[in-house]
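Chemist: Mind looking over this structure? Questions follow.
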Amino acid sequence: MSTRSEDVKEAAASAVKSKKELESHLANLSGSSRRDRQNSAAVIALVAKDAPDKLTPHLNDIIDALNRPEAQTRWEVLDALSEMVPLDSRTCEKALLGAETALFDEDSGPLRLSAMRFLCTIGTTTENRSEKVWPLIDEGIQCYHGDLEFLDMLVCVIDFSAGKLSPQVKKELAARMKFDADNGKGQLKKRASQIEDNLSK
């Protein structure tokens, strides 16, 4: 696994420097090889962290990769899109449908977590978007409460709670977190309480 992650890091570093290599990875996203799609999506997720501006012209191709069947390609792409939101939130908004499908994927915890991260990230940008994504975030909180990835999802919701939320979303999120903030234990209580604190500022 570490060898593969080193390979991905090297490939991402090369793609940042070489337009041709970057375009090759972008082309792989719609290619017929599942392995190539997954590997290139992992490279693009790293490029998005290190040099998101290189990917801005290709956002529509990245969003299109949410239509691939395998979970890994989609979670890598959602992670890339979360990094791209600050650069072009309007285009990233086109990924909402794919993110919704990913959030309720029954087979992949990492995919659900990446979807929650993307929805929370784009939801912080404007009050209008917070209202658009809140029903999905709310349903995710209810569906996955107690699941393996739930505490990590709450980290995303902490970021969401500090964003530009509409008064109605703030009110409903506070109500949703109240039980865990009052009665939860350990990290669950801590994170729910942090969300409450952010909302009261």
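Chemist: For region 134-170, name all the residues that are at pLDDT 95 or above and aliphatic (A, V, I, L, M).
Modeler: 136, 137, 141, 151, 153, 154, 155, 157, 158, 162, 165, 169, listed by residue number.
Chemist: Residue 106 - would you say it is under 24 Å from residue 35 (Cβ atoms), among the charged types (D, E, K, R) and not in a helix (DSSP H, G or I)? Give the derivation first.
Modeler: Details: under 24 Å from residue 35 (Cβ atoms): yes; among the charged types (D, E, K, R): yes; not in a helix (DSSP H, G or I): yes.
Considered against the rule, which asks whether it is under 24 Å from residue 35 (Cβ atoms), among the charged types (D, E, K, R) and not in a helix (DSSP H, G or I), residue 106 comes out as yes.
Chemist: Looking at the structure I just gave you, is residue 91 open to solvent by less than 60 Å² (accessible area, probe 1.4 Å) and either under 14 Å from residue 118 (Cβ atoms) or in contact (Cβ under 8 Å) with a residue 40 or more places away in the chain (or both)? I'd like the intermediate steps shown before the answer.
Modeler: On the way: open to solvent by less than 60 Å² (accessible area, probe 1.4 Å): yes; either under 14 Å from residue 118 (Cβ atoms) or in contact (Cβ under 8 Å) with a residue 40 or more places away in the chain (or both): yes.
It is true that residue 91 is open to solvent by less than 60 Å² (accessible area, probe 1.4 Å) and either under 14 Å from residue 118 (Cβ atoms) or in contact (Cβ under 8 Å) with a residue 40 or more places away in the chain (or both).
Chemist: From the list 187, 168, exactly one residue is closer than 20 Å to residue 122 by Cα and open to solvent by 70 Å² or more (accessible area, probe 1.4 Å). Which is it? Explain how you work it out, then say what you get.
Modeler: On the way: 187 fails: closer than 20 Å to residue 122 by Cα.
None of the others qualify; the one that does is 168.
Chemist: Okay, moving on. Out of region 112-159, which residues are surrounded by fewer than 20 Cβ atoms within 10 Å (Cβ to Cβ) and over 21 Å from residue 193 (Cβ atoms)?
Modeler: 125, 126, 127, 128, 131, 132, 135, 136, 139, 143, 148
Chemist: If you go through region 150-185, how many residues are under 13 Å from residue 130 (Cβ atoms), outside any helix (DSSP H, G or I) and not basic (Lys, Arg)?
Modeler: 4
Chemist: Of all the helices (runs of 4 or more DSSP H) wholly in region 1-77, which have at least 2 residues that are without any contact (Cβ under 8 Å) to a residue 40 or more places away in the chain and more than 20 Å from residue 102 (Cβ to Cβ)?
Modeler: Fully inside region 1-77 and qualifying: 2-17, 19-28, 34-50.
Chemist: Hey, another quick one. So which residues in region 109-149 are within 17 Å of residue 188 (Cα to Cα), part of a loop (DSSP other than H, G, I, E, B) and in contact with a helix residue (DSSP H, G or I) (Cβ under 6 Å, 6 or more places away or on another chain)?
Modeler: Passing the criteria: 148, 149.
The values are calculated or read from the model by the stated rules, or taken from the named source; none is laboratory data. None of the values given here were measured: they were computed from a predicted structure. Ideal geometry is used to build each Cβ from the backbone, glycine not excepted, and the neighbour counts take in all protein chains shown. To get the accessible areas, we keep the full protein, side chains included, count just its heavy atoms, and leave off ligands, DNA and RNA. Shrake-Rupley method; radii C 1.70, N 1.55, O 1.52, S 1.80 Å.
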